[in-house]
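I have placed the structure first, in the form of C-alpha cells, so that the comments after it can refer back to it.
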Amino acid sequence: MEPANLFTVLRRYWRLLAACTAAALVVGYLLTPAGDAVDNGKWQCKVAITPVAGAADTVRADQVLSYAQGSAVTTAAAQKLHLTDVAALTARRTVAAESTQMLLFTTTGPTQQSCADLAAALSEATITGYAQESRKSADESIKRLRTQADAQQSQLDELQKSFSKANASDQAKLQPQLSTATTALTKTLGAIADLQNYSQTDAIQQWGSIDTKELGGSLLTSPTRGVRLALAVVLGLALGVVAALMLSRMDTRLRTRDGVEEAFNLPVVGEIPVLSRRLRRLREPLVTARPADPATEAFRSLRSTLLLTGPEALSAQFGQGGLDQDERRVRRAVEPAPVVLVMSGRSGDGRTTTVANLAAALGETGRQVLVLDCDFRQPELNAHFGLDEGPGMAELLSGEQPASLVELIRPTRVPNVALIAGGHATAYPAALVLRAAEVLALARRHADVVLIDSSPLLHANDAYDLVRHADAVLVTVMAGNVRPEEADRVSELLARTGVPVAGVALLGAEVATGRRNRSPRLRPGRSGGRAPLGPAPERAELPRAAAGAGTGAQRPERPEPPEPPEPSRAEHQRAADTRRREPVYGESGRGEGGRSEGGRGEGADRRGRAASWGRRPAELPPEEPVETTLQLRLGEER
C-alpha cells in the first residue's frame, strides 16, 4: 500500500485509532503503580549465611531459617537503612535454605547500591540478631546449670562430711556415691564453661561477598508513570493501525474514482470533496454561501461538464443572460427546457445537496433553473434553500388540491433559481408519478433547465418511473456508502431505460488507489435487450478520398487501385444530404418536429440516444467541418 493511501485509511478510521489509544491509556493507568514508584526489580543481589567454624554441631539450620524469615531481621535492616516501609522491604527480599549448612538471601532494588545495601543489612541483621538470641539462650542455660551445680556441690559436701566421720567399712560404702556426685558436678561445670565460650563468639557468618547483577525491566515496571503511559499510547496506536488496515481490507464500499467508474461502468464527471459539518448545516446552497470554497469550485466544474457534454438543449446556448423575457418565452415554446434527473442508489449519497448546488451553479450562467422536489418520502430541498414547508409536487401530481404549476413555483434567494417543494404526500408516493409527463411538459416552458430530485433508486420505484421523462440522468454517490453489487444493480437498471446518463458525481472523494487505468471499460451486453453502458459509437471513418484531400501524401511503393466510375452530381448531392442527416455520437434518427420516426413520442426519442453521452470523445471534430470538406471535394470534382 502506498503511503498516501495508508494515510487515507488512517484518516478514515481516526475514531478507531482514538478509541484504541484511549483504551491503552486507561489500561496502562490501572495496571501500573503510582507515578513516584520505582523499578525495584532492576538489580538483584545474593548473599549466603553459614555457621562459623566449629559451630556446625551446635547451630541448627531450621532455627536460623526461622529467625531469618521473621520480622525482627527485616525491622533491624530497615532501621539500619533509615526506611519506614517495612512491608515494601519485606517484598524485596527472599530467604531459602540452599543446604543444611547454608542460607541464601536474595534482594532486589532500583539501583545496584540500594540492592547491595539491603543484602548487607539483612546479612548483618541476621548474624547479629541470631548471635544475640544465641547468647541470650546460653545465658539462660548457664543460669540453670549453675543452680544445678550449686545443688550438686551441696550434695557433694554432705557426702564428704559423712565420708570423713565414717569408719572404714562405712567409707567403703560411701565411696561410690561420692564418686558419682563428683562426676556430675564436674560435668555440669564443664557444660557451663562450654556455654560461656559459645556465648562469647558468633554462631553464624557471611559466606563470601555479595553477588550483584542487573535484571531486564518490563513495560509495566518503567521508572515513571509518564514513560509507561507513553508506551501505552504507542501500543494503542499500533493496535489501532493494525485494526484499521484489517477493516480497510474487509471493506468493499466504493471510495475512489477508479472504483466508482469500474463498478458503475460510467465516467466520474465531478468529484466533490468532503464537506464539514458546519457547511452541511447551511440553509442555502454552498455555491452562494461560500463562493470561494473548494467544494463550490467542484460543483462549478460539474456544471461545466454537463454544459459541455450534455444534451443539445442544455449545451446549445452557453450564454442565456442576453435574452429578455419575451425572447425566452419564444425560445421555450420552440425548444422546451431539458430535464435532468439527479438520482442515487441509496439514501445518504448527497443527491439533494448536489441538486441544490448544481441549480445555483447553473443560475450563475444566466439560465433560469426550476427545481422539482420529487422525493416524496423525505423532501428536504426547501430546507437547502431556506424555505418553509408548503404545497408542492405532491399536491400537483395527486390532483387533490386544484392548483396550477405557476402558483406552486416559489422563488428562492439564489439568483435565477425557483423551486417547487415536495409538498405533503397523502397518497402512496409511487402513484404520484403517473401525471409526471404532463407536469414536466408544463415545467419545461417555465425555465431554461429543469432539475429533479428523486428518491433512492434501490429503495423506491419513484426514480425509475421518472427516468423515462428525463433528457439526462446524473447519478450521485457518497464515498463509502455504496457497495459494488449495489452499483452494478443501478447500472443495470439505467441501461434498461436507454436514457442518456451523464455520469457519476462522487461526493466525499478520496485519493484514487494505484495508477488510474484510462482505458475504456465496456461491459458486455446481457440478455433481454440490455444496451451496455459505455462510450457512444464513434463516427464512421470518412472515405479515403475525402480523408486524404489536401494532404499530398504519396505512396509510390503501393499500386493505386483502379478509380471507380465518377458518380453523377445528383448522387453527390444525395450523399451529402445523407451525411448531414447521419446521427452523431450514437443519436438515433428523428422525424419531423423532434419526434422519432417510430412514433414513440418525445420520451422514446430521447431514449433513442446513446446510453452515456458522458463518454463522448472530446477529440472528435464537429460535424460542420466534415460537411464543408465534402462540399469542397464535390466542388473540386465538378
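The values are calculated or read from the model by the stated rules, or taken from the named source; none is laboratory data. Owing to the predicted nature of the structure, the values given are computational and were not obtained by experimental measurement. A quick note on method: Cβ atoms are made from the backbone with ideal geometry, for glycine too, and the neighbour counts reach across all protein chains shown. These accessible areas exclude ligands, DNA and RNA; they are computed on the full protein's heavy atoms, side chains included. Shrake-Rupley method; radii C 1.70, N 1.55, O 1.52, S 1.80 Å.
Assorted remarks:
- A Cβ distance below 9 Å, combined with a sequence gap of six or more or placement on separate chains, defines the contacts here; from segment 471-499, residues that are over 19 Å from ALA509 (Cβ atoms) and of a type in the set (Asp, Glu) reach residues that are part of a helix (DSSP H, G or I) and open to solvent by 20 Å² or more (accessible area, probe 1.4 Å) in the pairs ASP471/ALA313.
- The criterion of at least 1 residues that are surrounded by 18 or more Cβ atoms within 10 Å (Cβ to Cβ) and at pLDDT 90 or above is met by the following helices (runs of 4 or more DSSP H) wholly inside segment 248-305: 257-264, 286-289.
- Checking VAL234 against (1) modelled with pLDDT of 85 or more; (2) within 30 Å of GLN112 (Cβ to Cβ); (3) part of a loop (DSSP other than H, G, I, E, B), the condition it does not meet: (3)
- Among the residues of segment 461-505, the ones that are over 18 Å from GLU271 (Cα atoms), open to solvent by less than 10 Å² (accessible area, probe 1.4 Å) and hydrophobic (A, V, I, L, M, F, W, C) come to 9 in all.
- Condition met for PRO391 (farther than 30 Å from ALA298 by Cα and either buried (at least 16 other Cβ atoms within 10 Å of the Cβ) or touching a helix residue (DSSP H, G or I) at 6+ places or on another chain (Cβ under 9 Å) (or both)): yes
- Scanning segment 79-114 for residues that are in a helix (DSSP H, G or I) and either more than 16 Å from ASP211 (Cα to Cα) or free of Cβ contacts under 8 Å to residues at least 24 places away in the same chain (or both) gives GLN79, LYS80, LEU81, VAL86, ALA87, ALA88, LEU89, THR90, ALA91, GLN113.
Every residue, every condition in (1) without any contact (Cβ under 8 Å) to a residue 60 or more places away in the chain; (2) more than 29 Å from ALA487 (Cβ to Cβ), yes or no:
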position	(1), (2)
PHE376	no, no
ALA394	yes, yes
ASN416	yes, yes
ALA443	no, yes
ALA447	no, yes
VAL450	no, no
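- Qualifying residues in segment 79-119 (those that are touching a Ser or Thr at 6+ places or on another chain (Cβ under 8 Å) and charged (D, E, K, R)) - the one surrounded by the fewest Cβ atoms within 10 Å (Cβ to Cβ): ARG92
- Selection status of ARG331, of a type in the set (Lys, Arg), open to solvent by 10 Å² or more (accessible area, probe 1.4 Å) and under 21 Å from GLU312 (Cβ atoms): yes
- Condition broken by ALA72, with the remaining ones in (1) out of contact with any helix residue (DSSP H, G or I) (no Cβ under 8 Å at 6 or more places or on another chain); (2) in a helix (DSSP H, G or I) satisfied: (1)
- Filter pass, ASP117 being more than 30 Å from LEU215 (Cβ to Cβ), among the acidic types (Asp, Glu) and part of a helix (DSSP H, G or I): no
- Residue list for segment 135-184, filter: without any contact (Cβ under 8 Å) to a residue 24 or more places away in the chain, closer than 16 Å to GLN196 by Cα and among the charged types (D, E, K, R): LYS136, GLU140, LYS143, ARG144
- Out of LEU451, LEU493, sole residue that is closer than 14 Å to MET343 by Cβ and part of a strand (DSSP E or B): LEU451
Here's the yes/no breakdown for (1) among the β-branched types (Val, Ile, Thr); (2) in a loop (DSSP other than H, G, I, E, B); (3) open to solvent by less than 80 Å² (accessible area, probe 1.4 Å); (4) modelled with pLDDT under 85:
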| site | (1), (2), (3), (4) |
| --- | --- |
| GLY28 | no, no, yes, yes |
| ASP39 | no, yes, yes, yes |
| ALA48 | no, no, yes, no |
| ALA53 | no, yes, no, yes |
| ALA77 | no, no, yes, no |
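- Any hit, segment 160-181, residues being modelled with pLDDT of 85 or more, surrounded by fewer than 16 Cβ atoms within 10 Å (Cβ to Cβ), β-branched (Val, Ile, Thr) and out of contact with any helix residue (DSSP H, G or I) (no Cβ under 6 Å at 6 or more places or on another chain): yes
- Hits in segment 120-150 - residues which are of a type in the set (Gly, Ala, Ser), open to solvent by 20 Å² or more (accessible area, probe 1.4 Å) and farther than 29 Å from GLU214 by Cα: SER137, SER141
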